[in-house]
Each structure stands twice: as C-alpha cells, then as structure tokens.
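Following: one structure in structure tokens, then a few remarks.
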Amino acid sequence: MSLPTISEILQSSRAPTLSLEFYPPKDALGFGVLGSSIERMRPVHPDFVTGTYGAGGSTRDNSFAVWELLGRMGFTPVVAHLTCVGAARSDLLAQIDRIYDAGIRNIMALRGDPPRGEACFVPPEDGLAHAADLVALIKSRHPDICCGVAGYPETHPESRSPEEDIHFLKQKVEAGAQFINTQLFFDNRVFFRFEKACREAGITVPILPGLMPAASPTQLRRSVELSCATIPQDLVDGLENAPTSAMAREFGMQWLVDQIDGLIAGGAAGVHLYILNQAKTILDPNLAACLARWRAPSPVKSNIQPERTCI
Ligand code: FAD
C-alpha cells in the first residue's frame, strides 16, 4: 500500500498538520538513543516527519539511516532533505534515485549553505546553483515525488530584500514545489507578514511555520546563530530571569505553546517542529495539551502501515 504524499495530506487533512524534524546522529550510540526517543514519541502520531541532510559523505549515509529508521518505526510519510552541496548533477540524480528506490516519495529540495567561513555558495562543476534547479531536476526524474522547499519569514541572509527572496521562492514553486516549510521564528507577526507577502506574490501552496522550543538562553543563542531569527526581548528576559533551569524550560515551552495557538487561530495549515530529536519536548504535558486542542482524534491518523512500499 502506498502512503499519501505531503501534498495529498495537506489537501485532505481536516485539521492543521503536525510534522516533526529529525537530524542524523553521528554514531551507532546516537542511533540507539534516537530509536528509543522515537519509541517514546509513538503516541504523538505526527502527520509526517522530515530528516535533514548533512554536508559530508558519512553524514549523508546517516541521513539515509535516519529516514530508514523513521519509516521502520512507523513514523511516515518521511520527507528526505537533499541539498546541492558538493554534488554534480549526476551525483544528485544518483541520490534522488536512491531515495526513490528506498520508497520515499517526498523530498525537501534545498541548496544548502556555503562551507563555514565562505560568504557565497559556489556550485561544484556541473552542479546546481539554486534550490529551484534541484526541484526541477527531481520533478524531471520522478514526477511523482512531492517536493517541499524552504521559506524565510525574516528573509534569507543572502537576499538583498524580502521582495527578492519571495520572488525566488516563487520560482521554486513554479519549478514544481508543492509545500513550503519555513525557517524557525519566535514572533508570529513575522510569519503572518511573510505569508501575506507570499500570497500577494501569487504563491498558493501551503506554508508550514517552523518552530523550535527555547529551553535555555544558551540553546536559544545557538539556534539563532544557525537561523538568524530575531529573538523578542521578552523571550530572552523570561529565559534569563527564570530562577531554575526547569523554570526556564517551562517558560520556553509556554512561549512555543502560545506561538502554536496563535498560528492555528490565525489559519496556519499546520506546524513543523524542530524538536532536535528530543522526545521530552514533544511529550511535554503543556505542549501535548496544546496539540490535543486542535488535532483530530487519532485512531485513523495512525501512520503505522503494516505493509508498505513507501516510507
Ligand atoms: P535557495 O532557495 O537556492 O536560496 C538561497 C539564496 O539564493 C536566497 O537568498 C535566495 O533568495 C537566492 N536565490 C534563489 N534563487 C536565485 C536565483 N535564481 N538567482 C539569484 N539568487 C537566488 N541545510 C542543510 O544543509 N541540510 C538540511 O537538511 C537543511 N534543511 C533545511 C530545512 C528548512 C526548513 C530550512 C528553512 C533550511 C534548511 N537548510 C538545510 C538550510 C538551507 O540549506 C540554507 O538556508 C541555505 O542557505 C539556502 O537553502 P535554500 O534551499 O533556501 O536555497
């Protein structure tokens, strides 16, 4: 039995969707820990999950291992992330075929970042310069693969203006992308402004807001370094002034819950959570109660498929 694609899920879902992002651990020990975490997360029944893609050779094999693990443990459908970094067109085609042969029918098509210390992304010889080119390559190779792409509510750092960034986002959709997952943000107003600008520019595909819980000032700073998201002063103050680390964590979780409630009330198609492989985040009672407020009751939503051809 084949699974629905993300596009089909987004079109047919009566409630906003919940998706979770995972990243590949470095070693066998990390995979063991991740397996136990996924086991604990089973009751959550995300509508779909995504697994990120690393820059190096062994990291890439670990990405395949994560997608396989998620599928094996019933967290499906799986979205495989793929980047253009360090790959000629022929390498990318080989990776796309490998993903397809593994039964995966959803790819998050990304350009990837320049290597640390370099300001510009320089495609390798016969490689691709932009994510839109990767979307086109994937769709020409396997038209039945559903492609997602990245969107930046606070504008991609290399862009000259929000308008230019949205113009290039539209090119990704015109190349065949069927949904957009956003970079993380901590202020819903930036998402709603971005969504409005996308709609005014003629982008009609679903836009899923990406959110990350802020558990401590250190973790917040690290995630902001990677994402360039603006941090509201109230969030910084709340985390820094919390008397204990447990209370800081609680404050960060409440911030996330308020963001989710506000996004759903504002009509978001779903939420995509960067949970950093942590079961304790998604199982937090406050977050669980928030998700239960707007998600459909779950028996039919169980994604565990006894016989699968796709993950
Ligand atoms: P693009 O869409 O190609 O855009 C990059 C920049 O180029 C933007 O400034 C854009 O406006 C501009 N641009 C686009 N097209 C053109 C054009 N034709 N001419 C001129 N300029 C253009 N990285 C990983 O390594 N692995 C992952 O798994 C991963 N997952 C991610 C998931 C999400 C949801 C997000 C938001 C990011 C993720 N990233 C990941 C990071 C991503 O690779 C970087 O943000 C990267 O810098 C840009 O990738 P992109 O796909 O948005 O690129």
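Would you mind putting 27-33, 227-233 in packing order, based on average other-beta-carbon counts within 10 Å, highest first?
227-233, 27-33
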**Q.** Of all DSSP beta bridges in the chain, antiparallel share, percent nearest 5
**A.** 5
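Solvent-accessible area per residue for the chain at a 1.4 Å probe radius, Å²? Could you put the intermediate results ahead of the total?
Working: 14310 Å² over 311 residues.
Averaged over the residues of the chain, the accessible area is 46 Å².
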(Q) List the residues, sorted by chain then number, that are 5 or more residues from CYS146 or on another chain and whose placed amide H is less than 5 Å from its amide H. (A) ASN106, ILE107
Q | Summed side-chain charge close to VAL122 - residues other than VAL122 whose Cβ falls under 15 Å, Lys, Arg +1, Asp, Glu -1 | A | -4
Q: Taking only the C-alpha atoms, wrap a convex hull around region 66-115 and report its volume per residue in Å³ as a whole number.
A: 76
Q.
Taking the alpha-carbon distance from LYS280 and a cut-off under 16 Å, which aspartates and glutamates remain once sequence neighbours fewer than 8 residues away in the same chain are dropped?
A. GLU21, GLU39, GLU250
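Given all pairs of different Cα atoms, what value in angstroms does the Kirkwood hydrodynamic radius of the chain take? Show your work: numbers first, answer last.
On the way: mean 1/r = 0.0504 Å⁻¹.
About 19.9 Å for the chain.
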Q: Please work out how much accessible surface CYS147 shows to a 1.4 Å probe, ignoring ligands, DNA and RNA, in Å² rounded to 10.
A: 0
Q. Which lysines have a Cα lying under 30 Å from the Cα of LYS139, excluding residues fewer than 8 positions away in the same chain?
A. LYS170, LYS172, LYS196, LYS301
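From largest accessible area down, sort THR59, THR204; use a 1.4 Å probe on the protein chains. Before the final figure, lay out the partial values.
Numbers: THR59 50, THR204 115 Å².
Final ranking, largest accessible area leading: THR204, THR59.
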Q: State the percentage of accessible surface on region 6-294 attributable to carbon and sulfur atoms; use a 1.4 Å probe and exclude ligands, DNA and RNA.
A: 53
**Q.** Per principal axis, descending, Cα span of region 152-204 in whole Å
**A.** 29, 22, 18
Q: Rank ALA119, HIS130, SER159 by how far each Cα sits towards the positive end of the charge dipole of region 117-182 (+1 on Lys, Arg Cβ; -1 on Asp, Glu Cβ) and give me just the farthest.
A: HIS130
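The values are calculated or read from the model by the stated rules, or taken from the named source; none is laboratory data. From a predicted model like this one, the values you see are computed outputs, not experimental measurements. No Cβ is skipped: glycine too gets one built from the backbone with ideal geometry, and neighbour counts run over all protein chains shown. To get the accessible areas, we keep the full protein, side chains included, count just its heavy atoms, and leave off ligands, DNA and RNA. Shrake-Rupley method; radii C 1.70, N 1.55, O 1.52, S 1.80 Å.
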